[in-house]
Amino acid sequence: MRQEHPSKVMSAAEAVAEFVHDGDILYYGHGNCYIPHALVYEAIRQRKSRLDIVGGTPGTQLQQLLFHAGCADRTRTGSLSGLRGSGGQSRVWELVEQGKLRFDDYSNQTLALMFMAAALGIPFIPTRAFLGTDFLKDEYINHPRGFLGQDKLRLIADPFTGQPVVALPALRPNVALWHAQRADEEGNIQAWGAYADGRWGIWAAERVVISVEEIVPTEVVRSDPNRTILPAYKVSAVVHEPFGSFPGELPGYYNQDPALVRLGAGRLDDYLAEWVYGRSDHQDFMEHYVERFGYHRLRGLLPRRRVQPTGSVDYGVRAIAAHEAQEEGKE
Amino acid sequence: MTPRAPVAERYTRLEMMFVAAAREMAGRGVIFVGMSYPLLAATLAKLHHDPDLHFCTEQGIIDWRPPADLERAPVQVSDPILNIGAAFLGDSVDALGSLLMGGGTDLAILPAAQVDRFGNGNTIAIGDYNRPVRWLGGIGGNMDAACLAKAVMFLVPHERRRFMQRVDFITSPGYIDGPGARRRAGLDPQGANLIVTTLGILRFDTPDGGITGSCEAFLDTIYPGVTVEEFQANTGWPVRISPDLNVLEPPSQEEIDLLRRLDPTHVHLRERGDV
């Protein structure tokens, strides 16, 4: 039988080598949930460079590692959270002071809208966020540490009412890396939880690489299609990577390990050596984790009880009857 | 009249801030709960005062109902504990778009490093943005909520360096620089806004959300054991005092016990320099 859709499954190393390019605008998720630690560690191992990290609140550990390792030199975000501060306590501060990192500030809402605009193929999208803030002052739009200048946003008049409104440019990541619960081999991605800007970050991107906890038969996906967050035609590669979001978290699979996620400026070199460059892949990472801290620590981060829907939905139809009714209508 | 609940014997001023904020949330409808302190305050409000509050966060959680066996308040706005018992799980365009931009947020509860006499907040930089003394965590959804929610409650520990004549940088507009300013900027009127601190509650002199009135913050309610002099000494502008100054009921033992139970590892109930 002809295979309808070829498999998109490949290893993290293969997918990152093929689909993450130097100089890419990179989206990789929000907060500590669905964060593709396995894929981004692989990008660091492959010494990707000149990346521009975009997203409302990109995972903080990966921001620090990507900046510190020299993989990323730009970012537009609502949060350099936990990374800021002042001299001596913040690697971001040091890199910015040295001119090695440029940034422009947005917010969780505005970046989500900019991704949505790119996904919809519209050139810009209006919002009333940013109004009344100091961000709209010229000296702060053209700030010395930024790189967008007047391309960051524009204060315009609503063409219909004349009221002030902020126009945000559509933002299309060249590549999105993300981690989800499951997919089929064709690349239909299913996820559950609160996605933050994940849905639009991945819809907007030119290339999309998704790692998943489980690869399931396509019949599983097709029996519950509302769970699909991205259809296969948008997906470049699927990577089977259990614990691929760890030390971040994934609903139903594991909680984060805050001791690894929150890195002070002084720990970055050691962390990169031990947990990124020192590991061959994410399975090696997990084995090292268990070796180092013991299985009981990992066990403590796994769900204690299952929380599953109590009511099932019915997608059923009366296909033949509907068809007959249509035929009758023709006569 | 119902008999008064036993009063807590010992409590800190930080705990009093949470207790006061939770009481203020009762009856406020759809609440947008920001990161940090608001998470604990809103959980207390939901459990102790008003089960009908719609507890929402920016990741896409709308109407979280804490499970019966809740062991702790959420630690982050994305805490997976919020997935259990939520009525709606979606994304940021749902929560910060359809809900917030669509006008559905009755009250946003937000942290800020600095606030000022017109109720503006700053979450980005201490000093000049272009030459900062210190950078803060960033905007997150704080700006979005301050621009677009129907009303805002800031939760800010009361220190002089945080309560300013004018914040170093407006990330989160309140009444900006006085009457009419929100409208001139293109924003809707907003209120009744308030700032709940570790010493008392500030409200704003405007009957219509920033169109008329001075729009200045005034001391409306003070906590038991706090003096007006102490409040003034820790506030960076000559603060007006309400002629009908209220003294807040001290916390009940039940409020304090529940608050402490909801934060067993003191994620929220510790003094922090940077929030």
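Kindly indicate whether any position in the stretch A:11-21 is within 13 Å of chain B (Cβ to nearest Cβ), under 18 Å from the mean Cα position of the chain (by Cα) and at pLDDT 95 or above. Within the stretch A:11-21, none of the residues are within 13 Å of chain B (Cβ to nearest Cβ), under 18 Å from the mean Cα position of the chain (by Cα) and at pLDDT 95 or above. May I ask you to verify whether residue B:84 is within 29 Å of residue A:304 (Cβ to Cβ), surrounded by fewer than 24 Cβ atoms within 10 Å (Cβ to Cβ) and either polar (S, T, N, Q) or in contact (Cβ under 8 Å) with a residue 12 or more places away in the chain (or both)? Against the criterion (within 29 Å of residue A:304 (Cβ to Cβ), surrounded by fewer than 24 Cβ atoms within 10 Å (Cβ to Cβ) and either polar (S, T, N, Q) or in contact (Cβ under 8 Å) with a residue 12 or more places away in the chain (or both)), residue B:84 qualifies.
Taking the stretch B:1-27 as the range and being touching a strand residue (DSSP E or B) at 6+ places or on another chain (Cβ under 7 Å) and surrounded by 18 or more Cβ atoms within 10 Å (Cβ to Cβ) as the test, the residues that pass are B:8, B:17, B:20, B:21, B:24, B:25.
Pairing each residue of the stretch B:27-45 that is in contact (Cβ under 8 Å) with a residue 60 or more places away in the chain and outside any loop (DSSP other than H, G, I, E, B) with any residue that is crowded, with 24+ Cβ neighbours inside 10 Å and aromatic (Phe, Trp, Tyr), provided the two are 6+ apart or on different chains, yields C-beta distances under 8 Å for B:31/B:55; B:33/B:55; B:37/B:18; B:40/B:18; B:41/B:18; B:42/B:55; B:43/B:55; B:44/B:18. Go through the stretch A:138-209 and tell me which strands (runs of 3 or more DSSP E), entirely inside it, have 1 or more residues that are within 21 Å of residue A:37 (Cα to Cα). Ranges flagged: A:175-183. Give the stretch B:65-88 a look and list any residue that's part of a strand (DSSP E or B) and facing chain A (nearest Cβ under 10 Å), or say none. Within the stretch B:65-88, B:86, B:88 qualify.
Give the residues of the stretch B:114-133 that are more than 8 Å from every other protein chain (Cβ to nearest Cβ) and surrounded by 23 or more Cβ atoms within 10 Å (Cβ to Cβ), sorted by residue number. Answer for the stretch B:114-133, where residues must be more than 8 Å from every other protein chain (Cβ to nearest Cβ) and surrounded by 23 or more Cβ atoms within 10 Å (Cβ to Cβ): B:114, B:115, B:116, B:117, B:118, B:119, B:120, B:121, B:122, B:123, B:125. Screening residue A:200 against (1) farther than 27 Å from residue A:25 by Cβ; (2) touching a residue at least 12 places away in the same chain (Cβ under 8 Å) leaves a single unmet condition, (1). The combined condition, being within 9 Å of chain A (Cβ to nearest Cβ), modelled with pLDDT of 95 or more and either more than 21 Å from residue B:154 (Cβ to Cβ) or within 21 Å of the chain's Cα centre (by Cα) (or both), is not fulfilled by residue B:39. Entry remark, the stretch B:1-26: residues being assigned to a helix (DSSP H, G or I) and out of contact with any Phe, Trp or Tyr (no Cβ under 6 Å at 6 or more places or on another chain) number 12 in total. The residue list A:168, A:177 contains one member that is at pLDDT 95 or above, touching a strand residue (DSSP E or B) at 6+ places or on another chain (Cβ under 8 Å), under 23 Å from residue B:149 (Cα atoms) and not aromatic (Phe, Trp, Tyr), which is A:168.
Matching residues to (1) loosely packed, with under 15 Cβ neighbours inside 10 Å; (2) outside any loop (DSSP other than H, G, I, E, B); (3) of a type outside the set (A, V, I, L, M):
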site: B:196; (1), (2), (3): no, yes, no
site: B:207; (1), (2), (3): yes, no, yes
site: B:224; (1), (2), (3): yes, no, yes
site: B:231; (1), (2), (3): no, yes, yes
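Would you check if there is a residue in the stretch B:154-170 being within 12 Å of chain A (Cβ to nearest Cβ), surrounded by 24 or more Cβ atoms within 10 Å (Cβ to Cβ) and not in a loop (DSSP other than H, G, I, E, B)? No, the stretch B:154-170 contains no residue that is within 12 Å of chain A (Cβ to nearest Cβ), surrounded by 24 or more Cβ atoms within 10 Å (Cβ to Cβ) and not in a loop (DSSP other than H, G, I, E, B).
Contact map, the stretch B:174-186: first residue surrounded by fewer than 16 Cβ atoms within 10 Å (Cβ to Cβ), second residue modelled with pLDDT of 95 or more and not in a helix (DSSP H, G or I), Cβ cut-off under 6 Å, separation 6 or more or different chains; pairs are B:178/B:215.
Determine if the stretch B:134-144 includes at least one residue that is in contact with a strand residue (DSSP E or B) (Cβ under 7 Å, 6 or more places away or on another chain) and more than 8 Å from chain A (Cβ to nearest Cβ).
Checking the stretch B:134-144: not a single residue is in contact with a strand residue (DSSP E or B) (Cβ under 7 Å, 6 or more places away or on another chain) and more than 8 Å from chain A (Cβ to nearest Cβ).
Evaluation of residue A:99 against the conditions (1) within 24 Å of residue A:247 (Cα to Cα); (2) at pLDDT below 95; (3) in a loop (DSSP other than H, G, I, E, B) shows that the sole unmet condition is (1).
The sole residue among A:133, A:110 that is outside the structural domain of residue A:235 (by TED's automatic domain parsing), among the polar types (S, T, N, Q) and either modelled with pLDDT of 95 or more or within 22 Å of residue A:57 (Cα to Cα) (or both) is A:133.
Residue count for the stretch A:130-165, restricted to those that are loosely packed, with under 13 Cβ neighbours inside 10 Å, within 12 Å of another protein chain (Cβ to nearest Cβ) and out of contact with any strand residue (DSSP E or B) (no Cβ under 8 Å at 6 or more places or on another chain): 5.
When the test is whether a residue is within 12 Å of another protein chain (Cβ to nearest Cβ) and buried (at least 20 other Cβ atoms within 10 Å of the Cβ), residue A:194 passes it. Here residue A:127 clears all of (1) touching a helix residue (DSSP H, G or I) at 6+ places or on another chain (Cβ under 9 Å); (2) surrounded by fewer than 22 Cβ atoms within 10 Å (Cβ to Cβ); (3) β-branched (Val, Ile, Thr) except the condition numbered (2). When the stretch A:222-280 is limited to residues that are in contact (Cβ under 8 Å) with a residue 60 or more places away in the chain, within 14 Å of another protein chain (Cβ to nearest Cβ) and of a type in the set (D, E, K, R), the one that is surrounded by the most Cβ atoms within 10 Å (Cβ to Cβ) turns out to be A:249. Got a sec? Which of A:76, A:102 is out of contact with any Ser or Thr (no Cβ under 9 Å at 6 or more places or on another chain), among the basic types (Lys, Arg), surrounded by 16 or more Cβ atoms within 10 Å (Cβ to Cβ) and within 14 Å of another protein chain (Cβ to nearest Cβ)? The match here is A:76.
The values are calculated or read from the model by the stated rules, or taken from the named source; none is laboratory data. Everything numeric in this text was worked out from a predicted model, so none of it was measured. In this analysis, Cβ positions are derived from the backbone assuming ideal geometry, glycine residues included, and neighbour counts consider all displayed protein chains.
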